[in-house]
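Below is one structure, written out as structure tokens; the observations come after it.
The values are calculated or read from the model by the stated rules, or taken from the named source; none is laboratory data. This structure is a prediction, so every number in the text was calculated from the model and none was measured. Glycine also receives a Cβ, built like all others from the backbone with ideal geometry; neighbour counts cover every protein chain displayed.
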Amino acid sequence: MGIFEKVIDAVRGKLEKPESDLGRCREIVSAYSAILENGPVPGTVADERELPYPKQTIRQALLVLLKTTTDPQMRGNLKAGYVCLADWQQGVGPHRVGFDITKLDQTGDALSIATRIAATEESAKKWLAKADIEQKSLVSELREMGF
């Protein structure tokens with residue numbers, strides 16, 4: 001049985017997780033949480049190649065840790081991290097898309113700023129919609145699993 005089958009069985013409550021597998025899951029989630037600190041801000045989407053591990057690997061590690069922790073704050077953080085995976089999409093490319101308020105150039109009149117914002121939003125619509133759909137799906141998955 002491979003690690004992913006073990007992870008799925010653990011999430012479903014069919015298998016006790018050996019400490020080494022939990023350690024690996026903690027390592028994966030720790031690397032992901034470091035990326036989250038500088039991750040896409042709300043309204044932006046990044047390419048999933050920015051993630052430290054494949055998206056599915058991170059998802060499974062988060063689920064294992066959710067299953068094994070009882071700390072409410074940790075569970076909240078793990079659930080938030082799970083849902084935030086939607087902010088990384090395949091094929092976005094080397095530059096994040098969307099409107100990043102932290103990089104707003106406030107030079108010029110209000111109309112030119114608004115025009116730049118609108119142009120940025122228009123070019124990112126496809127990616128923002130894709131991320132939104134995935135985010136809703138991830139929330140639904142968590143609910144279905146009882147988290």
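Confirm whether residue 82 is at pLDDT 90 or above and in a loop (DSSP other than H, G, I, E, B).
Judged against the criteria, residue 82 is not a match.
Taking residue 90 as meeting all but one of (1) in contact with a helix residue (DSSP H, G or I) (Cβ under 9 Å, 6 or more places away or on another chain); (2) surrounded by fewer than 19 Cβ atoms within 10 Å (Cβ to Cβ); (3) at pLDDT below 95; (4) not β-branched (Val, Ile, Thr), write down the number of the exception.
(3)
Every residue, every condition in (1) aliphatic (A, V, I, L, M); (2) out of contact with any Phe, Trp or Tyr (no Cβ under 8 Å at 6 or more places or on another chain), yes or no:
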site	(1), (2)
21	no, yes
26	no, yes
31	yes, no
37	no, yes
44	no, no
50	no, no
58	yes, no
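Scanning for something under 22 Å from residue 143 (Cα atoms) and hydrophobic (A, V, I, L, M, F, W, C), does segment 31-50 turn up at least one residue?
No, there is no match, as no residue in segment 31-50 is under 22 Å from residue 143 (Cα atoms) and hydrophobic (A, V, I, L, M, F, W, C).
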